[in-house]
Amino acid sequence: MQQSQQAAGQEANQLNFRDYDTGGFYDELIDENGQPREGAQILLKRIAELPDGELLQRQEMAERALFRMGITFAVYGNNAGVEKIFPFDILPRIVAAAEWEKIERGLKQRIRALNLFIDDIYHDQQIVKDDVLPAAILASADSFREQCVGLKPPRNIWCHITGTDLVRDNSGQIFVLEDNLRCPSGVSYVLQNRFIMKRSFPWLFEASHVMPVVDYPSRLLSLLQYLGPDGVAAPTVAVMTPGVFNSAYYEHSYLAQQMGVELVEGRDLAVRDGYLCMRTTSGFQRVDVLYRRIDDDFIDPAEFRSDSMLGVRGLMEVYRAGRVALANAPGTGVADDKVIYAYVEKIIKYYLNEDPIIPNVPTYVCYDEDDRNYVLAHLDELVVKAANESGGYGMLIGPHASEEERQKFAELIRKNPRNYIAQPTLSLSRIPTMIDKKFEGRHVDLRPYILYGEDIFVLPGGLTRVALRKGSLVVNSSQGGGSKDTWVIAPSPVSANAPTTDSAASSVESAPSSAADGE
């Protein structure tokens, strides 16, 4: 037994990667010559110096800590059980300073353009009049909200919190895979992963000059307060959750706790005398800013779904009057539509007169007859996605699908071509991941988080999601994925020192336990 454990430890600790196989893919840590990529040298050297078996022990300790902390997510429709522990891999992803600088500029550019786009389509629709976006595409967008036409959100900002999914192909080029502007989830994993890694390897952070993520809750709170109604010196902020059965309830609870604000449900809120108020033990208290983690359809039964039991009747009227701010603004989901995604490069050029810094993945729009005919003839080569699905659902990965599955999607495309896009199957980058006590390459994506308030802030790093199933390209936790900590290396040791630690997550062990991946 002892010999087998020792052998396993030696196998797991062979971090010179002489036997590591990149499999012909772009690897995030190891180049094609078996050498560490920029920024990863210190990490791999220090971990290789660990005693045999210690890295495996630290992985197991991290998993136990996450279990105790209740870092779980829910899988809807899973008969085996609602909640699962979110898998975590202890070897982090490294992003070099120069590469992050380009990513940061590209994300800020994209969010500025998308904000202008959303504002335009709910007012003049000049982009449609100028034939940059086909009128039929916008008119048939399920996520376009007629109730939002003419709205003027506070500070003229629509998309306050965004999670933009990035992927890298075999050449090393980074692409935007999709935008998430409604209720993007996962940032709690970023903070918890960092907390675990700081506890596991405190000496590595200082040596590697890793940029901190600890200030995200305080930045989020500052953003929300910035949106407060004019004349309110100290706006009251609350986080609105659909409730404990929502897949991201853990995150809702965690962020409210970290910001020091109330977590409320629709039943805790009411409109009184033209203001939004929450019930407290001392009576009703006015709410000035509501960070809503609930979709448009459910926020106000007087204007959206009349059968919603989750929202607040009259909320939109208070919002229009400027007496409460909502983040994100209602109507932003139109930019999440995967068909409109195909036009974002043109959107950037139209509003900013700039070329996109980070390109889209090449995309075929099935609404277009020529694109549709190509897609139907090449389903075995393409990834097909439904316009408004998320979480890895409503998707066909053609090369891995059966003929029966491809024929099913062909019929869906013919019946409703507006609802589908298709993209080439990218050879997604991989990263060494601990599998059965040894390192194997697994495909990854990256979701950075962008806050748009008085200025635009991009959290250094974001959520690296890992497709733990061998050969899988689907990274969503609901589809068997896990996560890694993401280390952005500071351009100089000095800039990595503010703040000097990521210790603000130290209160996580008392955070409520539930779930966090479905949005």
query = Where does the chain land at 222 nm, in deg cm²/dmol rounded to the nearest 500, when only DSSP H runs of n ≥ 4 count, each adding -39500 (n - 2.57), divided by all residues?
reply = -8500 deg cm²/dmol
Spin-label zone in the stretch 51-69 - amide nitrogen under 19 Å from a point set 7 Å from the Cα of Val244 along the C-beta vector = 68-69
task = Give Lys102/Lys470; Lys346/Lys385; Lys102/Lys484; Lys198/Lys484; Lys108/Lys349 a once-over and call out the pairs whose C-alpha atoms are over 19 Å from each other.
result = Lys102/Lys470; Lys346/Lys385; Lys102/Lys484
key: Alpha-carbon centroid distance for the pair the stretch 305-346 / the stretch 374-421, whole angstrom   = 28 Å
key: Relative contact order of the chain, pairs being alpha-carbon contacts under 8 Å that are 6 or more residues apart, as %   = 26 percent
message = Looking only at the chain, where both bridge partners belong to it, what percent of the DSSP beta bridges are antiparallel (to the nearest 5)?
response = 75 percent
message = Just to be sure I understand the model, the point goes 7 Å from the Cα along the line to the Cβ. What's the resulting Glu38 to Glu317 distance in nm?
response = 5.8 nm
note = Under 5 Å from the placed amide H of Asp300, counting only residues 5+ away or on other chains, we find Arg305, Val312
note = The simple spin-label model distance between Arg414 and Asp380, using points 7 Å out along Cα→Cβ, in nm, is 1.9 nm
Spatially proximal aspartates and glutamates relative to Lys152 (Cα-Cα < 12 Å; intrachain offsets below 8 disregarded) = Asp119, Asp120
request  = Considering the options Pro330, Pro87, Thr241, tell which one lies farthest towards the positive end of the dipole of the chain, charges being +1 on Lys and Arg and -1 on Asp and Glu at the Cβ, about the Cα centre.
outcome  = Thr241
key: Computed lengthening from Ser140 to Arg286, 0.36 nm per intervening residue step minus Cα-Cα distance   = 48.8 nm
ask   = How many nm separate the modelled label positions at Tyr275 and Asp230, each set 7 Å beyond the Cα in the direction of the Cβ?
value = 1.8 nm
message = Under the 0.36 nm per residue contour assumption, what length would be gained going from the current alpha-carbon distance of Asp131 and Asp52 to full extension?
response = 22.1 nm
key: the stretch 335-379 residues near the modelled Arg105 label - backbone nitrogen below 20 Å, point 7 Å along Cα→Cβ   = 345-361
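Each value in this text was obtained by applying a stated rule to the coordinates, not by laboratory testing. As the structure is a computational prediction, the values presented were derived from the model and not from experiment. Using ideal geometry, Cβ is built from the backbone for each residue, glycine included, and neighbour counts are taken over all protein chains shown.
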